[in-house]
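The values are calculated or read from the model by the stated rules, or taken from the named source; none is laboratory data. Quantities reported herein were computed from a predicted structural model and do not represent experimental measurements. Note that we place each Cβ from the backbone using ideal geometry, even for glycine, and neighbour counts take in every protein chain shown. Quick note on the areas: whole protein, heavy atoms, side chains included, nothing else; ligands and nucleic acids left out. Shrake-Rupley method; radii C 1.70, N 1.55, O 1.52, S 1.80 Å.
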Amino acid sequence: MIQGIIHSGAQKRVFRHNDVEHLEQLLKESDPKVPKIIAFESVYSMSGSIGKIKEICDLADKYGAMTFLDEVHAVGMYGPRGAGIAEREKLMERVDIITGTLGKGIIPFPPFPLYFTISPFFFLSSSFFLLFFLFFFFLSFLFFFFLSFLFLFLFFFF
């Protein structure tokens with residue numbers, strides 16, 4: 001998530017950890033005409049703390065911002081169907097974009113985006129994830145192929 005923000009080239013402001021008052025201060029200071037997206041996590045991996053999804057969505061509604069929720073550390077662990085904290089708190093319909101991965105709580109798989117509103121980032125993000133998956137699948141195949149030949153070489157010649 002952080003790398004995507006950095007590579008986007010967009011202006012960014014970082015609010016203090018789980019501090020919705022600081023987030024509101026930053027939103028008040030921003031130009032109301034400039035599109036805004038609030039990117040945050042549901043479960044912070046370093047501390048294990050839970051994000052304030054409801055409060056952040058309330059601020060997004062108040063200031064006309066989109067919300068991007070990273071559920072990577074929550075998928076498969078929280079919610080009645082394992083969809084994450086937003087599902088557990090019954091807030092999924094309030095979040096514009098949710099991203100997660102099956103690799104943390106279920107099976108090794110690349111990240112997936114979920115879009116609950118029509119997003120202009122859909123085609124760019126979806127094609128990126130598809131290319132990412134195909135690239136690493138191809139690399140895995142080459143690595144397995146290389147190891148197989150190495151094993152055969154060592155087995156027959158040593």
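Structure above, values below:
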quantity: The range 18-40, subset within 18 Å of the chain's Cα centre (by Cα) and open to solvent by less than 40 Å² (accessible area, probe 1.4 Å), residue farthest from Ala74 (Cα to Cα); calculated: Lys36
quantity: Residue within the range 77-91 that is touching a Lys or Arg at 6+ places or on another chain (Cβ under 7 Å), at pLDDT 85 or above and of a type in the set (Ser, Thr, Tyr) present; calculated: no
quantity: Residues that are of a type outside the set (A, V, I, L, M, F, W, C), open to solvent by 10 Å² or more (accessible area, probe 1.4 Å) and touching a residue at least 24 places away in the same chain (Cβ under 8 Å), drawn from the range 70-84; calculated: Asp70, His73, Gly76, Tyr78, Gly82
quantity: Residue in the range 58-69 that is in a loop (DSSP other than H, G, I, E, B), modelled with pLDDT of 80 or more and open to solvent by 30 Å² or more (accessible area, probe 1.4 Å) present; calculated: yes
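Conditions (1) under 22 Å from Leu91 (Cα atoms); (2) hydroxyl-bearing (Ser, Thr, Tyr), marked per residue:
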{"site": "Ile5", "(1), (2)": "no, no"}
{"site": "Gly9", "(1), (2)": "no, no"}
{"site": "Asp19", "(1), (2)": "yes, no"}
{"site": "Tyr63", "(1), (2)": "yes, yes"}
